[in-house]
Ligand code: SAH
């Protein structure tokens, strides 16, 4: 049985800037103190109220009495040869979550989780194997970014991008996700531009529709992985609830409303999704849709039997899509030597 050391105090990173102003005014402080507190947490990397040197000792003590502000316990930290750095965090209730720092030539990206575990059971992904435990709070989402940012700065690489592509379905935790992303995006907070933040989804249509109504220019990525209804049913059980055709229709609508291009993630599995048949079906389904297709070579997970196609096969697939007018690129795998793909670390810590 897990020993649950339940958190008593509210984590201050669950508060938006406006909520913090409200709290501070409520205890008789000036509102500019909220800017100072936000600066300490999100810009100067403070992990405790006692570090907030421009606050009175009295206010530091009051904040410490009312709120939590701790770093996560790091259960594992693995650095790959390409300097991709993978964290496994042990949360207060001993749930484990993963976050990854991915430095490339042009950007420094944090890959962040929104849930402990995943309910969706995609038939190629390690994240779903151990099942789902709970949603992460806003603070738990934001704190992952703070750790990855700190690590990035050690390499003199300011964080430039956030991809919500760790464990879990983002739209299953919509409110906490949006709140966290607003803090991450805010110039008072971590100050990552909305265009540099990507939300990935298995295709939860109501979430896509809700996001279209937000005044928030974040990027949307859809885990497509099938080329029609039957093929997607096999790989992604969620397709029975939100079928391929309805998903594509919702994406068309999203692009029309927001005037933004969607990225489709498409896994390349030998003889399954990387076939001529698939190219023809995608060509038909994506007629008239302006989008980016991100082709992801299958990263082997021992629980599944799939094979990764050869480089030649994958390039031929990409070229056929391009010939069909679908803009496609092959994603370079990062951090494979530390099992950095898709829930592998969390999963191996559980077994
Ligand atoms: N939970 C999010 C992000 C997952 S990781 C989502 O499902 O959209 C980012 C992408 O990698 C997703 O498209 C996911 O489906 C894909 N993926 C998962 N397991 C993979 C594997 N073994 N090999 C290649 N891509 C994988």
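Could you sort 41-48, 72-79 so that the peptide with the highest average Cβ count within 10 Å comes first and the rest follow in order? Please list the in-between numbers first.
Working: 41-48: 16.5, 72-79: 14.9.
Ranked from most to least packed, the peptides come out as 41-48, 72-79.
Measuring from label point to label point, each 7 Å out along Cα→Cβ, what is the residue 107 to residue 214 span in nm?
1.7
Work out the FRET efficiency for residue 58 and residue 283 from their Cβ-Cβ distance, taking R0 = 56 Å, and round it to the nearest 0.05.
Numbers: r = 67 Å, r/R0 = 1.19.
That pair, residue 58 with residue 283, gives E of 0.25.
At a temperature of 20 °C and a viscosity of 1.002 mPa s, determine how fast the range 121-280 diffuses translationally according to Stokes-Einstein, using the Kirkwood radius over alpha-carbon pairs as Rh; express D in µm²/s, rounded to the nearest whole number. Display every interim value, and only then the final one.
On the way: Rh = 16.9 Å.
In µm²/s, the coefficient rounds to 127.
What percentages, rounded to whole numbers, describe P(r) for the chain computed over all alpha carbon pairs with 10 Å bin width beginning at zero?
All Cα pairs considered, the percentages come to 5, 24, 32, 24, 10, 4, 1.
Give, in whole angstrom and from largest to smallest, the semi-axes √(5λ) of the equivalent ellipsoid of the range 10-68, with λ running over the eigenvalues of the Cα gyration tensor.
On the way: eigenvalues 42, 33, 26 Å².
Square roots of five times the eigenvalues give 15, 13, 11 Å.
How long, wide and thick is the range 178-226, going by the Cα atoms along their three principal axes, in whole angstroms, largest first?
40, 20, 14
Express the relative contact order of the range 10-68 as a whole percentage, based on alpha carbon pairs under 8 Å and six or more residues apart in sequence.
Values: 37 pairs, mean separation 20.1, N = 59.
It rounds to 34 percent for the range 10-68.
Arranged from highest to lowest average of other beta-carbon atoms within 10 Å per residue, in what order do the peptides 24-35, 293-304 appear?
Numbers: 24-35: 14.1, 293-304: 17.8.
Highest mean packing first, the order is 293-304, 24-35.
Show me the ranking of peptides 145-156, 122-133 by mean Cβ neighbours inside 10 Å, starting with the highest.
On the way: 145-156: 17.4, 122-133: 20.6.
Top of the packing list down: 122-133, 145-156.
Using Cβ counts within 10 Å as a stand-in for footprinting exposure, how do 315, 52, 236 rank, fewest first?
Values: 315 13, 52 21, 236 26.
Fewest-to-most Cβ neighbours within 10 Å comes out as 315, 52, 236.
Compute the helix-to-body angle for 276-285: its Cα long axis versus the longest principal axis of the chain, expressed 0 to 90° and rounded to tens.
Between the helix axis and the principal axis of the chain, the angle is about 60 degrees.
List 276, 219 from most exposed to least, where exposure is judged by having the fewest other Cβ atoms within 10 Å. Mind dumping the intermediate values first?
Details: 276 10, 219 20.
Lowest to highest Cβ neighbour count: 276, 219.
In nm, give the distance between the simple-model label positions of residue 323 and residue 245, each being 7 Å from the Cα along the Cα-to-Cβ direction.
2.8
Based on alpha-carbon positions alone, could you give the equivalent ellipsoid semi-axes of the range 211-314 from the gyration tensor, as √(5λ), descending, whole Å? Before the final figure, lay out the partial values.
On the way: eigenvalues 129, 40, 40 Å².
Over the Cα atoms of the range 211-314, the ellipsoid semi-axes are 25, 14, 14 Å.
Between residue 51 and residue 252, what's the calculated FRET efficiency when r is the beta-carbon distance and R0 is 30 Å? Round to 0.05. Each step should come with its number before you reach the end.
Working: r = 49 Å, r/R0 = 1.64.
Approximately 0.05, to the nearest 0.05.
Based on alpha-carbon atoms only, what is the radius of gyration of the range 19-113 relative to the globular estimate 2.2 N^0.38 Å? Mind dumping the intermediate values first?
Values: Rg = 17.0 Å, N = 95, 2.2 N^0.38 = 12.4 Å.
Compactness ratio reported: 1.37.
Based on the Cα atoms of the range 273-312, what semi-axes does the equivalent ellipsoid have, where each is the square root of 5 times one gyration tensor eigenvalue, given in whole Å with the largest first? Please list the in-between numbers first.
On the way: eigenvalues 121, 27, 19 Å².
Working through the eigenvalues yields semi-axes of 25, 12, 10 Å.
Using only DSSP helix segments of four residues or longer, with each worth -39500 (n - 2.57), what per-residue ellipticity at 222 nm results for the chain after dividing by its residue count and rounding to 500? Display every interim value, and only then the final one.
On the way: 11 runs with 117 residues, N = 351.
Dividing the helical sum by the residues of the chain leaves -10000 deg cm²/dmol.
The numbers here are math on the coordinates, done by the rules we state, and not lab data. Predicted model, so just to flag it, every value in this text is computed and none were measured. No Cβ is skipped: glycine too gets one built from the backbone with ideal geometry, and neighbour counts run over all protein chains shown.
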